[in-house]
Amino acid sequence: MEKPLQIQQDIPLAPFTTLKIGGNARYFIRAETELQVADAVRYAKAKRLKLFVLGGGSNALVSDSGFNGLVLQIALKGNQTDYIGNKVSITAGAGEEWDAFVQLCVSRDFAGLECLSGIPGSVGGTPVQNVGAYGQEVSESIISVRCLERETSSFIDLSVKECGFGYRTSIFNSSSRDLYIVLAVTYLLKMNGEPKVEYKDLLEHFDGGQPTLANVREAVLNIRRKKSMVLDDADPNFRSAGSFFKNPIIERDKLNEIRSEFEHIPNFVFGDKIKIPAAWLIENAGFYKGFSIGNAGISSNHTLALINRGNATSAEIIVLKERIQAAVAGKFGIDLQPEPVFIGF
Ligand code: NAP
């Protein structure tokens, strides 16, 4: 029989986020089954409560005053594997910890997710922003995403096409924002397949060698560790939401304009546009690794990560975010867009 919903009140949200910042949720439900997710959505609707869906909390900034609504934690676990020729389709619950899932796939010699090692968060978050790193992104392996449609409380399986994936985007964070709740994700991986070694950092690391999936996972973890981008309580930079700003995509003309003054600006072709590393813009607008304002700061290992140095408030993070945005806009005329979601502001 389905367990009844447990509705808790005044639950501190900071421990559920990797930034470890924020006030309380007025109501809080942890859903472990699909039916509980549907029940929670109906509860929020009946009580006219705002709803925030919490995954791994790795990409969220919660306001100091908390969230005056219902926070729904997606804790759907488990995975199921089906073998199809030399491929394997593996479906994981949205509440599974992402890196444990990647580790499982790599240990079973399933290729397709190895470059995405060490990314904090949950499986359910990966289709939302089409998580990608080191030359691989989840849209290359996802075949379907199981969702709850919030309006109708019905369950639906969206094909990869219907997810509308682009660079760090999907329908879930754009055209259909807040319409669906991700319940499970199915990835199609290759058995005994070769790892993807195309990104500069990995090519340099292996220098023409033939690494295994496990070798690539270890290399990615090492690269990320050096930038404090792997969750590690012993690292003073560990309280962060990963990259705080998106790498901006600009027009070619804009690049030429900036280049007339900053000849060496790094840039990468992106379709008919140009992608600029946000970290470079921030450093060249006067900030540096280890910079801080009060208890908020920039990681000493990665310019793109804003960190809580301990006891930081969300207000302090916002001050730092705005200082950086104003400086980059003033110097380069580029508006840096934050990557995390803002809750309760
Ligand atoms: P990084 O490797 O220093 O790269 C910074 C930026 O330069 C990224 O936009 C990256 O593109 C671009 N870049 C670097 N080498 C490139 C090349 N050879 N060709 C085209 N573009 C190139 O970045 P980082 O901040 O340390 O992050 C490491 C990896 O994690 C990157 O792949 C980054 O995108 C990824 N990441 C993903 C998310 C997410 O999915 N939400 C969040 C944080 C970081 P790419 O973005 O295409 O790699």
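So that you can scan it fast, the table gives a plain yes or no per residue for (1) surrounded by fewer than 18 Cβ atoms within 10 Å (Cβ to Cβ); (2) modelled with pLDDT of 95 or more; (3) over 21 Å from ASN130 (Cβ atoms); (4) of a type in the set (Val, Ile, Thr):
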residue	(1), (2), (3), (4)
ARG217	no, yes, no, no
LEU221	yes, yes, yes, no
ASP233	yes, no, yes, no
PRO266	yes, yes, yes, no
ASP272	yes, yes, no, no
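Tallying residues that are within 21 Å of ARG224 (Cβ to Cβ), basic (Lys, Arg) and more than 12 Å from the ligand (Cβ to nearest atom) within segment 255-313 yields 2. Could you go through segment 115-126 and let me know if any residue there is outside any loop (DSSP other than H, G, I, E, B) and farther than 23 Å from ARG224 by Cα. No; the residues of segment 115-126 include none that is outside any loop (DSSP other than H, G, I, E, B) and farther than 23 Å from ARG224 by Cα.
Do you know which residues across segment 211-265 are among the acidic types (Asp, Glu) and more than 26 Å from the chain's Cα centre (by Cα)?
First, the residues of segment 211-265 that are among the acidic types (Asp, Glu): 218, 232-233, 235, 251, 253, 257, 261, 263.
Within segment 211-265, ASP253, GLU257, GLU261, GLU263 qualify.
Mind checking which residues of segment 288-302 are touching a strand residue (DSSP E or B) at 6+ places or on another chain (Cβ under 9 Å) and not in a loop (DSSP other than H, G, I, E, B)? Don't jump to the end; show me each part of the working.
As a first pass, look at segment 288-302 and keep what is touching a strand residue (DSSP E or B) at 6+ places or on another chain (Cβ under 9 Å): 288-292, 295-300, 302.
Listed by number, the residues that qualify are SER292, ALA296, GLY297, ILE298.
Among the conditions (1) within 14 Å of the ligand (Cβ to nearest atom); (2) surrounded by 15 or more Cβ atoms within 10 Å (Cβ to Cβ); (3) under 27 Å from GLY56 (Cβ atoms), the only one that ILE318 does not satisfy is (1). Contact map, segment 77-88: first residue closer than 12 Å to GLY193 by Cβ, second residue of a type outside the set (Asp, Glu) and exposed (fewer than 14 other Cβ atoms within 10 Å of the Cβ), Cβ cut-off under 6 Å, separation 6 or more or different chains; the map is empty. Got at least one residue in segment 100-119 being touching a residue at least 12 places away in the same chain (Cβ under 8 Å) and more than 23 Å from PRO211 (Cβ to Cβ)? So far as segment 100-119 goes, no, none of its residues is touching a residue at least 12 places away in the same chain (Cβ under 8 Å) and more than 23 Å from PRO211 (Cβ to Cβ).
Would you mind finding the one in THR313, THR303 that is closer than 25 Å to ASN24 by Cβ and either touching an Asp or Glu at 6+ places or on another chain (Cβ under 7 Å) or among the basic types (Lys, Arg) (or both)? Walk me through how you get there before you give the answer.
Numbers: THR303 fails: closer than 25 Å to ASN24 by Cβ.
Only one candidate passes the filter, namely THR313.
Looking only at residues in segment 224-254 that are farther than 20 Å from LEU306 by Cβ and in contact (Cβ under 8 Å) with a residue 40 or more places away in the chain, the one that is farthest from the ligand (Cβ to nearest atom) is LYS254. For residues that are of a type in the set (D, E, K, R), over 22 Å from the mean Cα position of the chain (by Cα) and within 29 Å of TYR83 (Cβ to Cβ), scanning just segment 186-210, find the one that is surrounded by the fewest Cβ atoms within 10 Å (Cβ to Cβ). In this case the residue turns out to be GLU194.
Return yes or no: is ALA279 surrounded by fewer than 18 Cβ atoms within 10 Å (Cβ to Cβ) and out of contact with any helix residue (DSSP H, G or I) (no Cβ under 9 Å at 6 or more places or on another chain)?
Values: surrounded by fewer than 18 Cβ atoms within 10 Å (Cβ to Cβ): no; out of contact with any helix residue (DSSP H, G or I) (no Cβ under 9 Å at 6 or more places or on another chain): yes.
Against the criterion (surrounded by fewer than 18 Cβ atoms within 10 Å (Cβ to Cβ) and out of contact with any helix residue (DSSP H, G or I) (no Cβ under 9 Å at 6 or more places or on another chain)), ALA279 does not qualify.
Restricting segment 310-321 to residues that are more than 21 Å from the chain's Cα centre (by Cα) and assigned to a helix (DSSP H, G or I) leaves a set whose member that is nearest to PHE238 (Cα to Cα) is GLU316. For segment 1-56, the tally of residues that are farther than 25 Å from GLY78 by Cβ and among the aromatic types (Phe, Trp, Tyr) stands at 1.
The values are calculated or read from the model by the stated rules, or taken from the named source; none is laboratory data. Just so you know, these numbers come straight off a predicted model, no measurement behind them. Cβ: placed from backbone, ideal geometry, glycine included. Neighbour counts: every protein chain shown.
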